[in-house]
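A short worksheet on the structure shown next.
Where a number appears in this text, it was derived from the coordinates with a stated rule and is not lab data. Note that the structure is a prediction, hence the values are computed from the model and not measured. Virtual Cβ from ideal backbone geometry, glycine too; neighbours counted across all protein chains shown.
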Amino acid sequence: MKTIGVSEFKAHALKILRDVAETQEEVVVTKRGKPIAKISAYREADDKVKAGRLSHTLVFEKDIITPLGPDMWEAAR
């Protein structure tokens, strides 16, 4: 991860943004040695990530009674 000062970022912003997009390397912008921003390349979100990290592990059934049958469902209560 590259670190640059805010004045350098201000002077070379377009070049730095282009480099970040091409190399996918994050850049931390500092002001007086303290981090104030982190610049990273834009990435399209994956459908699984949008729904949640564990959403792909769940199985959703439309009807939870039918697999057991009505008689066994009552016994399983």
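Observations on the structure shown:
- Exposure proxy order (Cβ contacts within 10 Å, fewest to most) of Thr57, Thr23: Thr57, Thr23
- Residues whose amide H falls under 5 Å from that of Thr30, counting only those 5 or more places apart or on a different chain, are Ile4, Gly5, Val6, Ile36, with hydrogens built in the peptide plane.
- Residues Lys15, Lys34, sorted so that the one with the fewest Cβ neighbours within 10 Å comes first: Lys34, Lys15
- Relative exposure of Ser40, Ser7, judged by other C-beta atoms within 10 Å (fewest first): Ser7, Ser40
- Distance between the modelled labels on Thr57 and Arg43, one decimal in nanometres: 2.0 nm (7 Å Cα→Cβ projection).
- Virtual paramagnetic centre 7 Å along Cα→Cβ of Lys10, amide N under 20 Å, in region 23-40: 27-39
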